[in-house]
Amino acid sequence: MAELTDLSGVGRKTANVVLQHGHNIVEGVVVDTHVQRLSQRLGLTTETSPRKIEPELMELIPESHWQEFTHLCIDHGRAVCTARSPDCGDCELEDICPSSKLDSDVDLASGESWT
Ligand code: SF4
């Protein structure tokens with residue numbers, strides 16, 4: 001990890017992707033835009049930067065699921081919990097999600113009211 005992040009322009013997200021997909025080494029959680037949005041909406045973090053979100057997720061999620069968590073967030077973020085128009089009424093996580101439009105006026109990812 002350190003050898004990669006020492007390279008100019010390489011952050012933890014890129015380093016994690018290279019390690020996981022190129023070398024099958026899992027040293028962290030890839031925090032892309034979907035992981036960030038889903039983690040915030042689900043109340044897993046109140047942080048706003050991937051650099052601070054990642055260690056919080058690493059504390060919450062068992063290490064054996066770090067890689068899978070990213071893939072599940074990406075799939076769910078593309079199919080259901082999209083940035084602009086999440087389909088809360090057809091979401092399997094609706095009953096545990098503090099941002100659900102069915103129960104909440106606020107999108108915890110943006111901090112703004114649902115429109
Ligand atoms: S209930 Fe809505 S905001 Fe929460 S995860 Fe599902 S789609 Fe996203």
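Any read-out appearing in this document is the output of simple, stated calculations on the displayed coordinates, not a laboratory observation. Please read all numbers here as calculations on a predicted model, not as lab measurements. So basically every Cβ, Gly included, is an ideal-geometry build from the backbone, and we count neighbours across all protein chains shown.
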Phi angles of the stretch 34-40, converted by Karplus (6.51 cos²θ - 1.76 cosθ + 1.60, θ = phi - 60°) into ³J(HN,Hα) in whole Hz with x for Gly and Pro, give 6, 4, 4, 5, 5, 4, 6
How much length, in nm to one decimal, is gained on full extension between M58 and W114, taken as 0.36 nm per residue of separation minus their Cα-Cα distance?
-> 17.3 nm
For T46 and V17, FRET efficiency with R0 = 35 Å and r from the beta-carbon atoms, rounded to 0.05?
-> 0.90
Subtracting the Cα-Cα distance from 0.36 nm times the residue separation, let me have the gained length for T5 to T33 in nm, one decimal.
-> 8.1 nm
Measuring from its Cα centre, the chain shows a charge dipole (+1 at each Lys and Arg Cβ, -1 at each Asp and Glu Cβ) which, in debye to the nearest 20, is 400 debye
Neighbours of V31 by Cβ distance under 9 Å: Lys/Arg at +1, Asp/Glu at -1, summed charge +1
Angle, helix 66-79 long axis vs. longest principal axis of the chain, Cα atoms, 0 to 90°, nearest 10?
-> 40 degrees
What spacing in nm lies between the two simple spin-label points modelled at S85 and D103, each 7 Å away from Cα in the Cβ direction?
-> 2.5 nm
What ranking of H34, H76, H23, H71 emerges when the number of other C-beta atoms within 10 Å of each C-beta is taken as an exposure proxy, fewest first?
-> H23, H71, H76, H34
